[in-house]
Every structure is written in structure tokens, then in C-alpha cells.
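Note sheet for the following structure.
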């Protein structure tokens, strides 16, 4: 069940009414929201719920162990054990078959085709969202270890945090320190005089933004142009291959940021505040700046828990460069068991290293043409990186690159609609912050009945324009 569907709308309506108007006690609301989250997750595959519960139980136990021990050595041991266990579970489902096949091929070559031990290749179904909720669980243990939050005494609260349905399938990866302290206040909302009302204006604006990004921009652009061209780049012209790469940059942004907008909006309708996950990433003036703006919840997780654990910038330049490169290499591997993901991560890490050496990652030129050149260069590097990220093999990347020389092939797929969608996906990054804020102020000022009518008209128009089927979000595969 994905967000922009009638099934989810009906599910969320039941959750919304039950949470705010049926259940009136704190514990009942916690229990109801946790049960709804598990029901949402079970709709993918009910068997996954047992793994989700096991992950919650294990990390709950490690949190209590960290809270009950003051000795640094024991606390560090428990933290390391929890990290290893979480990564072992994640690694089995995401990477076992990949490494088994690679090792089997390596052993076969070393034996020159002779018989010997082979790792069994298993039929393992990767649970939806396992990367996201595993990182959330690890965030909880790390935050307790770093004394950012006390250990969670309520198993129900931790279960709600890890399974919270707007975030369980594809993030954002909200840190425990940001989510857990909200539970008490949210579950008490509406029960005491003067409690904070639902932020309908902001959540509705995010819903509109997310639906437009996903159902209009991402779906139409990928279906009509990007997917057909990149499926067989040799059959299309150089211009179409170039625009398909630009188009995929637009698609992955509008698809993932659209999902984030919807997730943040749904959480906000239930009273939970989620930090922004994107901040106009394609106007970044460096790769360093890009990773401050792209998938912010993930990049901040990498910075706070991985980069700093490698030493960060505290132990000299060489240690810093090592931390940058290997953090991004592991970030690439986090996305999946494929060499293309690994190389994509290494590309990002190498770019960050070069920017740190040249001290260019934090310096934006004050001259307009120079800053425009920085933004263009960063965007082109990001676009090439997305081609590696998207490809299943390096042969596919090579075929696409070679097709950039197809100047004699006629143009067949470029249309005004395709060009318009690409332009809209890029130009939305250029809207100044003050324009966005002013637009939100105007939306807030509109009376609620009129706002409801406008939203209804928007939904009718969107349903008539959008495709009959909604493609899964790109990041669901991770």
C-alpha cells in the first residue's frame, strides 16, 4: 500500500479518526498508533512484522543495558554489539546472496572450475524498509550511548518510533532524539485545554506538493521519456540520451522528495513534527553542499553516527579524508548489493575528498557567473552519478555514455510535455525562500471551508490527469 492511492486514503482516514476522536487516553493512543503501523506494514507481507518486532525488542534491550551501566567499557561493548547485530540482520537480507555469488565465483576461478565448498544461494525476500527502520533502531541505541536521550522505559514508545507507518517504508530516517520526546505531548494533544491544534495548513500544502511531484512530474516523465530511453539508449539520439539523464535527475528528486513531503504531511496530521528531508539540492554549489540538501535525514545520520565515529575532522586532514571517503563508500553500499552502488558511493566520497583538499566545498563565489558555473558543474556531476546509481551493470553505463555520440539518430521521443516537466522539475529549485514563505502565509490566511473546496477541486483535477496506476516510489527498493 503506497501513499497516493485510495486504499491508503481510507486507511489513514480510519487512523486519523481513531487517534483523535475515538481513543482518549495516552496509552490507548500509543497502542492504537503502533497497531495501525504494524497493520500498515503487514499489508506488504505479514511475515515482515516479526522481523520488525525482533529488531525493536533487541534494541530496546540494548538501550536498557546502556542506561543501567555507567562504566565506559561496558557501555561501549553494548553499543558495538548492538551495531553488529543490527548490521548482521540488515546484511543478511540485503547482501548475503550478493556476497555468496561473488565468493562462489572467486572460489571457482581459484580452483579452475573444480569442485569444492560453495555458499548456498538462498531465496530471501528483502523486507520493505529494512534499511530505514534498522537505521532508526541504531539511532536510538547511539543516542542513548551518547547521552542525548535517556533509555526508553516504555517498549510501546520504542515500537511506535521504529514502526511509525509514515516513515517505515522509505523514511525519512528521523532520529530517536527528535521523535521519542514528542510522543508524550502528541498523545496528550486535544485532551487538555489550550493544547495545540492540528497544523492543517502546512500539512495540506505538503500533501499537494508531494502529490504533484509524484503523480505528475515523476510518473509522467519516467513513463513517457526517461525509462524508454534509458532502457535502450543505443536506439535514441545523443540529445535524447542527454535529456534522459537530466530527466532522471528530475525524476529521482520529485519521486523521493514527493514521498518525503507526503510522509511529513501524514505525520504532521497526527501531531508529529519531522525535519525537512530536502532543501533544493540542485542549486548546490558543491558536492559537499549537495549532501547538506539531499536526503537530509540520511546524510545527517551518516555525519552524526558514522563520519564522527571515524574521527570526523578532529584528528588532522588525513583522518578527515579517510572518514569522508569511507563514509560515502558505505553510504553507497547501504543502497544495495551491487557494484554500481559501491562505485557511486566512492564517486561521492572522492568528490568530497577533493573539495576538502582544495577547500572548495564550503566556498560559493560571490560573482554570479562563477557561482552559476559551480552549480552547473555540481549538477552535471550529480547527474552522471545518478546514471551509475540507476544502472544494474557497468555495461549499461557504458552503453549510455557511448550513446551520447548518436548525433545521426533522429529524435523521436522529445515532446513539449517532456521538456516542460524537466523545466518544472529544475525551476522549482530556483524559487526563493521568501516566495515559498509568502505563499504559505497566503494559504494559511484562506478560510478553512474555502481551503477544503480548493483541495477537493485539486483532487478531482489530479485524478483526471494522473495515470491509472501509481508506480512504486524509487526508494522502496532500499
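The values are calculated or read from the model by the stated rules, or taken from the named source; none is laboratory data. Quantities reported herein were computed from a predicted structural model and do not represent experimental measurements. Every residue, glycine among them, receives a Cβ derived from its backbone with ideal geometry; neighbour counts consider all protein chains shown.
Answer yes or no as to whether residue 285 is more than 29 Å from residue 189 (Cβ to Cβ), outside any helix (DSSP H, G or I), out of contact with any strand residue (DSSP E or B) (no Cβ under 6 Å at 6 or more places or on another chain) and in contact (Cβ under 8 Å) with a residue 60 or more places away in the chain.
yes
Within the range 422-446, work out how many residues are under 14 Å from residue 205 (Cα atoms) and in a loop (DSSP other than H, G, I, E, B).
The total comes to 1.
Can you spot a residue in the range 402-412 that is part of a helix (DSSP H, G or I), surrounded by fewer than 14 Cβ atoms within 10 Å (Cβ to Cβ), out of contact with any helix residue (DSSP H, G or I) (no Cβ under 9 Å at 6 or more places or on another chain) and on the phi < 0 side of the Ramachandran plot?
Within the range 402-412, not a single residue is part of a helix (DSSP H, G or I), surrounded by fewer than 14 Cβ atoms within 10 Å (Cβ to Cβ), out of contact with any helix residue (DSSP H, G or I) (no Cβ under 9 Å at 6 or more places or on another chain) and on the phi < 0 side of the Ramachandran plot.
Here is a check on your reading of the model: is residue 99 modelled with pLDDT under 85, outside any loop (DSSP other than H, G, I, E, B) and exposed (fewer than 14 other Cβ atoms within 10 Å of the Cβ)?
Judged against the criteria, residue 99 is a match.
Which of the residues spanning the range 68-94 are crowded, with 18+ Cβ neighbours inside 10 Å and either free of Cβ contacts under 8 Å to residues at least 24 places away in the same chain or closer than 16 Å to residue 143 by Cα (or both)?
Correct list: 75, 78, 79, 82, 86.
Of (1) at pLDDT below 95; (2) in a helix (DSSP H, G or I), residue 274 satisfies all except one. Which?
That leaves (2) as the condition not met.
Could you grab me the full set of residues in the range 40-57 that are buried (at least 16 other Cβ atoms within 10 Å of the Cβ), assigned to a helix (DSSP H, G or I) and in contact (Cβ under 8 Å) with a residue 40 or more places away in the chain?
Of everything in the range 40-57, those that are buried (at least 16 other Cβ atoms within 10 Å of the Cβ), assigned to a helix (DSSP H, G or I) and in contact (Cβ under 8 Å) with a residue 40 or more places away in the chain turn out to be 40, 41, 48, 51, 52, 55, 56.
Pick from 75, 29: which is modelled with pLDDT under 95, touching a helix residue (DSSP H, G or I) at 6+ places or on another chain (Cβ under 6 Å), under 30 Å from residue 269 (Cα atoms) and assigned to a helix (DSSP H, G or I)?
Answer to the selection: 29.
Given the conditions (1) surrounded by fewer than 23 Cβ atoms within 10 Å (Cβ to Cβ); (2) within 19 Å of residue 271 (Cα to Cα), which single one is not true for residue 163?
(1)
Here's the yes/no breakdown for (1) part of a helix (DSSP H, G or I); (2) closer than 24 Å to residue 282 by Cβ; (3) at pLDDT 95 or above:
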{"residue": "311", "(1), (2), (3)": "no, no, no"}
{"residue": "333", "(1), (2), (3)": "yes, no, no"}
{"residue": "347", "(1), (2), (3)": "yes, yes, yes"}
{"residue": "372", "(1), (2), (3)": "yes, yes, no"}
{"residue": "386", "(1), (2), (3)": "yes, yes, yes"}
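Evaluate the range 132-142: report whether one residue or more is in a loop (DSSP other than H, G, I, E, B) and surrounded by 21 or more Cβ atoms within 10 Å (Cβ to Cβ).
As a first pass, look at the range 132-142 and keep what is in a loop (DSSP other than H, G, I, E, B): none.
No, the conditions are met nowhere in the range 132-142.
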